[in-house]
Amino acid sequence: MTEYSGYKYPQRQYQKREYCPVTITPLPANPVAAMLYVPMQIDTTMFDEMKAFECGTLFPVLNKPFAGKCCR
């Protein structure tokens with residue numbers, strides 16, 4: 001046990017671990033195809049070039065400016 005400021009703390013016992021032969025890959029062995037659903041965009045209004053460059057998007061529907069506050 002180690003003593004700090006009058007308190008006694010037990011020492012952590014480390015066990016030697018054996019080598020694990022299993023390798024983990026980022027992709028599964030049998031990947032499955034997925035299906036997407038992308039709805040058709042109905043509102044096709046667009047910003048002019050300078051406004052789109054300012055906002056970072058061509059479409060007003062996608063313009064979501066950062067308010068600068070936390071959501072608490």
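The values are calculated or read from the model by the stated rules, or taken from the named source; none is laboratory data. Keep in mind that this is a model prediction, so the values were computed, not measured. Methodologically, a virtual Cβ is constructed for each residue, glycine included, from the backbone with ideal geometry; neighbour enumeration extends over all protein chains shown.
Brief remarks on what is shown
- Subset of segment 36-59 [in contact with a Leu (Cβ under 8 Å, 6 or more places away or on another chain) and aliphatic (A, V, I, L, M)]: Met46, Ala52
- When segment 26-72 is filtered for residues that are of a type in the set (Lys, Arg) and at pLDDT below 80, the ones remaining, listed by number, are Lys69, Arg72.
- Number of positions in segment 30-72 that are in a helix (DSSP H, G or I) and within 22 Å of the chain's Cα centre (by Cα): 1
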